[in-house]
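The values are calculated or read from the model by the stated rules, or taken from the named source; none is laboratory data. Nothing here was measured: the structure is a model prediction, and the numbers come from that model. Cβ: placed from backbone, ideal geometry, glycine included. Neighbour counts: every protein chain shown. With ligands, DNA and RNA removed, areas are computed over all heavy atoms of the protein, side chains included. Shrake-Rupley method; radii C 1.70, N 1.55, O 1.52, S 1.80 Å.
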Protein chains: 2
Amino acid sequence: MTQMENARKGRITAEMDYVARKENIDIQKLIKGVASGKIVIPKNINRESSPCGIGKGLSTKINANVGSSSQKEDIDLEVEKALLAVQYGAHAVMDLSTGPALNEVRKKILEVIDVPIGTVPIYEAGVAARSRDGSVIDMDEDDMFRAIENQAREGVDFMTIHSGITMDTVEKLKNSNRLMGIVSRGGAFLAAWIMHNQQENPLYKNYEYLLEIAYEHDVTLSLGDGLRPGCLQDASDIPQIQELIVLGGLVEEGRKVDVQCMVEGPGHVPLDQISANMKIQKTICKEAPFYVLGPIVTDMAPGYDHITSAIGGAWAAFSGADFLCYVTPAEHMAIPGLEDVKEGVIASKIAAQSADVALGLKNAWEDEIKMANARRNFDWEGQFELAFDGEKPRNYRQSCPVEEEDMCSMCGEYCALRLVRED
Amino acid sequence: MTQMENARKGRITAEMDYVARKENIDIQKLIKGVASGKIVIPKNINRESSPCGIGKGLSTKINANVGSSSQKEDIDLEVEKALLAVQYGAHAVMDLSTGPALNEVRKKILEVIDVPIGTVPIYEAGVAARSRDGSVIDMDEDDMFRAIENQAREGVDFMTIHSGITMDTVEKLKNSNRLMGIVSRGGAFLAAWIMHNQQENPLYKNYEYLLEIAYEHDVTLSLGDGLRPGCLQDASDIPQIQELIVLGGLVEEGRKVDVQCMVEGPGHVPLDQISANMKIQKTICKEAPFYVLGPIVTDMAPGYDHITSAIGGAWAAFSGADFLCYVTPAEHMAIPGLEDVKEGVIASKIAAQSADVALGLKNAWEDEIKMANARRNFDWEGQFELAFDGEKPRNYRQSCPVEEEDMCSMCGEYCALRLVRED
C-alpha cells in the first residue's frame, strides 16, 4: 500500500508519524494532506530511509542534485557530494548520473544516503541505447520501462518522469518562437525520440503501466517539465503552459490509483512572473506539491546561479512552491565540485528559510529568534551553532581578532549594540 | 545651483545629459524627475566625477561600502576595495571609516574614485570626540556640523544624516519591546548622545542649517534610518515607522530649498513585509528615492548575507527601492576583504538586474537576450564577456576540459541543446 492509500484509509504509517513530529504539526492534518495528494512522502517500500513530507503547510524542502556525466565520472566523488549535501541540510538527493557507470553510482547512493533519493530513469534508458545502438533516440519502450522498474525495485523514492512531452507539446514547441528551445536533458531525450520516431511518448501513452509500477513500490512520481524555459525570454510561454496542462491531467490519473505525484516547474523566470507560475500550477495540478528548479531570475551571472536561484526560489516558495531543487555556482558551466554542492545547498536553505519565515511557520520563527538573541548577547558560539554553516562566520571572526568578546572587527568599539547599552 | 534647482528652472546640466544618455531615457523625463525630487543625481559641485541618477524609472543602482574600523585600518586596502567595487559595477561607494585615520581614507577615495562618494559625517565627529574627550557622546554641535561642512567642501556627493533620531523617536524605542534595539552605528551615536545629554538631536533641531550646507555644495542628503530593525522580529515596528514619518517631513523641508534628498531603509525584514515597506516609504516620503540596506530576509546564514540580502534587495527593487546598498559575506562578523567586496557587489548587481528585468527596463532585457543568444550558440567567450564576472564561469569551464566546443562537463554529450539540434 502507498502512503496515499494508507492515508485515505485513515491509517497512520510510521513515515507519517515521523514527518508530523518533525514538522511539529497535527498528524490528522498531515494525513488529510497525503490523502488529498497535496502532500507527498517519497518513500519506496524497498529501502529504509528517513523520509520527509513535501507539500501544503509543511516547511519548504530542498533537493541537491549529484551525478556523473559522460565527461566526468568518479563514483566516490558523487557519493561524497551526496553526503556533503545531506550534512548541510538537503532533505533529498537526486542522482542524475549519465556516465557509463551510472547504475553503480545510483546503487552506491541508495546504499549510503539516508534521505529520499530521486532519479531520472530515462537517463539510464538513453545511455544504454546510445552505448548499444549509437544514439539515445534508439531507445525502445522496453528500455524505458525496464529502467523505471529496475530503479523502483532498487528503492528509488521519487522519479522524474517526462510524460508531458507529447507529440502535441513537441508540435507546439516547433511552432513557438522560443529562443532556447529545450534545455531539459530528459525532455530533450524524449522530444528527440518523438521527432525521430514519429511516435507518441511511451511514458505518456502507457502512463497506466507506469502508475502500476509506481504503485507497487510507492514511488512518488515527479512529473517533469521537459519544456521549461531556458532563458527569461521564453518563460511562461505556450509550450511551457501546455505541458503543465498535460501534467495536471497526469496528476489526476495518479491520484485515482493512489500514486503520489508532484509536479516539476521552471526554470528561468523573471521575478514578476514567479507568483503567477506558482498559482497556475496549483490550480491546474489541483494543489499537487510543486518542485521547482531555481527559478533563475537573471541569466547575467553564470558562476553565481546559486544566488540567482536563491532569489527566485525564495519568492517561489513564498508563493506556493513546496520543494526547491538547488542550483550550484557551476550550473550551465561544469559538473559541480564539493564546494559548489555546499554553496548550492546553503543558498537553497536560505531561500527556503526566507519563505518559511514569511509564511509564518513556527519552527522557522523560533530559529530566527534564537539567532537574534545570540547576536544581541554577543554569543558567538551560539550564532555559529545556529548558522546554516558555522564554519564560515567563525573563520571571519578569527581572521580579524579583537580584544573584547562584545566586539567584532566590522564596527570595532563603535558597535551600535555596545554604544547604546553602555549609556 | 543644485541639480534640483536647475531642473526646476528647466536647465539641462551636463550631469543630466550624461545620466539621460546612460539610462537611455528622454531628457525631459529625467528633468521632471529631478525637479520633483523623485530622482536624485548625487554630484558635489567641488569634485569631478561620473554621476549616476537614482530614482523613479531609472535602473536600480548599487552602492558598495568600504572603510576602516578601529580594529583594522589600512588606507591602501580600503582604496583598493573601492576600486574593485567600481570595477565590478558599483555605481557609488560609501566610505564608512571609523579608524583613527578616517579623514585620510576619505580624501584618498575622493581623489581616486570616479563614481559618487557617500559618507556618514557623524562618524568623523564621534571619532574625534572620543579621541579628544573619551567618548562619542562628548560630541558637541560644532563637531557635528564641522564634519559635515568639511566633507561637503572636500566633494562628498551624498551623506547619511541621522536627523530622524529625535528625543521622541528614542522615547518610542525605549517603550518598544525590540529584541535588538539599535543596530545602526550612526543611529547609536545620536541615540546615545540624546539619552546622555537629554537634548534634542542637533541634526534635527538645526536641520535648516544642514540644508544650507547641502545646498551650497549640492550634497544629496541620504536621510538615515537609525532605527532600522536589526532582526526579523523587529521589522516594521513603531520606532522604525515613526522615524520614517520624521524623514518624510525632512524630505519636504529639503525640497522646499532645492536640496536633493533620498531616504534610507531597512535592514532585516521578512520577505512578506518588503513590498509594504517600499510602498509606505513612497507614500510617506513623497516618492523620494529609496536607498535600502539589504533587506536581509533571514538571520540564519551569517557568512552568506550577500545572498540573504540579494533575495531581499531583488524584491525591494522590484517593489520600489531605487538604490541597493550591498552587503558582503563578512557582514555582522568582520570588516570585509577584497574577495568579500567583489562577492557583495556581484550579489547586489544580480538583485538589481533581476528587478530591472521584472520591471521591464529595456537595457536590462537587451542584455538578457544577448546572453541567451550566446548560450544557444555555445559562444562561451560571448557569455564570459556579458557576465557580471567573466572570470568565474571561465574557470569552471577550464576546470573540466571537454573535446567539443558545443559541450560542457555538466551534461557532456547529453546536452539538451545538442540533442534536439542534432535530430
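Here are the numbers for this structure:
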quantity: From phi via Karplus (6.51, -1.76, 1.60), per-residue ³J(HN,Hα) for the range B:359-366 in Hz, x at Gly/Pro; calculated: 7, x, 5, 4, 4, 5, 5, 4
quantity: Number of partner chain Cβ atoms within 10 Å, mean per residue of A:40-50; calculated: 0
quantity: Per residue Cα convex hull volume in Å³ - calculated over the range A:22-95; calculated: 122
quantity: Prolate/oblate/rounded label for the range A:313-423 (Cα gyration tensor, a/c 1.5); calculated: oblate
quantity: Distances in nm from A:Gly249 to the matching label points in the other copies, shortest first (labels 7 Å along Cα to Cβ); calculated: 6.5
quantity: Helix axis angle, B:75-87 relative to chain B longest principal axis, alpha carbon, degrees; calculated: 50
quantity: Rg in Å to one decimal, and Dmax rounded to a whole Å, for the range B:45-358 via C-alpha atoms; calculated: 17.6, 52
quantity: R0 of 25 Å, Cβ-Cβ distance B:Asn197-B:Asn150: FRET efficiency to nearest 0.05; calculated: 0.65
quantity: Residues whose placed amide H lies under 5 Å from that of B:Ile296, excluding near-sequence neighbours; calculated: B:Gly267, B:His268, B:Val269
quantity: Extension gain (nm, one decimal) between B:Tyr18 and B:Asn363, 0.36 nm per residue minus Cα-Cα; calculated: 122.6 nm
quantity: R0 of 51 Å, Cβ-Cβ distance A:Glu404-A:Glu111: FRET efficiency to nearest 0.05; calculated: 0.55
quantity: FRET efficiency for B:Asn395 and A:Glu391, using Cβ-Cβ distance with R0 set to 25 Å, rounded to 0.05; calculated: 0.60
quantity: Net charge of Cβ neighbours under 11 Å - reference A:Pro266; Lys, Arg +1; Asp, Glu -1; calculated: -4
quantity: Projected label distance in nm at B:Glu48 and A:Gln28, using a 7 Å step from Cα toward the beta-carbon; calculated: 7.8
quantity: Distant-in-sequence amide H partners of B:Gly67 (H built 1.01 Å from N, under 5 Å); calculated: B:Leu96
quantity: For residues of A:264-274, the mean tally of beta carbons on other chains within 10 Å; calculated: 3
quantity: Interface burial for A against B (accessible surface, 1.4 Å probe, total of both chains, Å², rounded to 100); calculated: 8900
quantity: Peptide B:18-30 - average C-beta neighbours from other chains (10 Å radius); calculated: 0
quantity: Between 0 and 90°, nearest 10: helix B:14-23 axis offset from chain B longest Cα axis; calculated: 40
quantity: Radius of gyration, Dmax [the range A:49-129; alpha carbons; angstrom]; calculated: 13.0, 42
quantity: Inter-copy separations for B:His196, label at 7 Å along Cα-Cβ, nm, ascending; calculated: 7.8
quantity: Shape call, the range A:363-420: gyration tensor on alpha carbons, a/c limit 1.5; calculated: oblate
quantity: Mean projection area, nm², convex hull over Cα of the range A:142-275; calculated: 8.0
quantity: Copies compared at A:Glu381 - label distances in nm, ascending, label defined 7 Å from Cα in the Cβ direction; calculated: 5.6
quantity: Environment charge of A:Ala20, counting only residues whose C-beta is closer than 10 Å and scoring Lys/Arg +1, Asp/Glu -1; calculated: -1
quantity: Distance between the range A:181-213 and the range B:227-266 - C-alpha centres, whole angstrom; calculated: 56
quantity: DSSP bridge orientation in the protein assembly as shown - percent antiparallel, rounded to nearest 5; calculated: 10
quantity: Acute angle (nearest 10 degrees) that the helix B:305-318 long axis makes with the longest principal axis of chain B, alpha-carbon atoms; calculated: 90
quantity: DSSP bridge orientation in chain A - percent antiparallel, rounded to nearest 5; calculated: 10
quantity: Surrounding net charge for B:Met180, when Lys and Arg each add one and Asp and Glu each subtract one, Cβ distance under 11 Å; calculated: +1
quantity: Two-site label geometry, A:Asn103 and B:Arg11: point separation in nm, points 7 Å out along Cα→Cβ; calculated: 8.2
quantity: Nonlocal amide H pairs with A:Ile161, under 5 Å, H built at 1.01 Å; calculated: A:Ser222, A:Leu223, A:Gly224
quantity: Distance in nm between pseudo-label sites at A:Asp168 and B:Asn177 (7 Å out along the Cβ direction from Cα); calculated: 5.7
